[in-house]
Amino acid sequence: MVGALLVEGGVRAFGVEARLLTPLVPLQVSDPELHTPVADAERLYGLRPGLSLSLPRPDGGPDRAVTTSALGLRGADRAVDEGALRVLCLGGSTTFGATVSDDETWPAQLEAQLIAQGQHAQVFNAGVNGYMTRQKVAWAQAL
């Protein structure tokens, strides 16, 4: 355990993770047009804000609708309803919904189910393809 902590401390202190990851950023994402570099040294990249794209599905099915908000969240811009239960979903490609349209992501499905059960709710999708834990934490802190 002590050895693992020393290695983790060394990686963080010398910035090894960022130096190793930066060249791999273009390879971590399946749709490079969705992503943009960010100034945050922890995140390295994020979703390009304000997109509305129709992208092919990897399985050859119908194109998927992919939008991003002005904040760089998956889905269209919408006003925050102060009276609603608000849920922020963080994650990588499975949260982002790498192969599906906006309304097919699990955060969108969660919101639909909560509303169907009579809950006044808004669910926001902060998933980003390829994000690792460190990047997700930095993204949560930025939001």
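The values are calculated or read from the model by the stated rules, or taken from the named source; none is laboratory data. What you see is a predicted model, and the numbers here were worked out from it, not measured in a lab. Ligands, DNA and RNA are excluded from the accessible area calculation, which covers all protein heavy atoms including side chains. Shrake-Rupley method; radii C 1.70, N 1.55, O 1.52, S 1.80 Å.
A cut-off of 5 Å between modelled amide H atoms, ignoring neighbours fewer than 5 places along the same chain, links Gly46 with Thr36, Val38. Name the residues whose placed amide hydrogens come within less than 5 Å of the amide hydrogen of Gly97, ignoring near sequence neighbours (fewer than 5 apart) on the same chain. Residues meeting the amide H criterion: none. Rounded to the nearest Hz, the phi-derived 3J(HN,Hα) couplings of segment 51-67 under the Karplus curve 6.51 cos²θ - 1.76 cosθ + 1.60 (θ = phi - 60°) are 8, 9, 10, 10, 10, x, 7, x, 8, x, x, x, 3, 10, 8, 10, 10, where x marks glycine and proline.
Sorting Val66, Val2 by accessible area (1.4 Å probe), largest first, what list results? List each step's numbers first, then the result.
Working: Val66 0, Val2 105 Å².
Largest accessible area first, the list is Val2, Val66.
Note on Leu110: accessible area is roughly 60 Å² with a 1.4 Å probe, heavy atoms of protein only. Taking all protein chains together and a 1.4 Å probe, the residues Ser93, Ser69 rank Ser93, Ser69 from largest to smallest accessible area.
Placing Val38, Val123 in order of accessible area, with the largest value first and a 1.4 Å probe, yields Val38, Val123.
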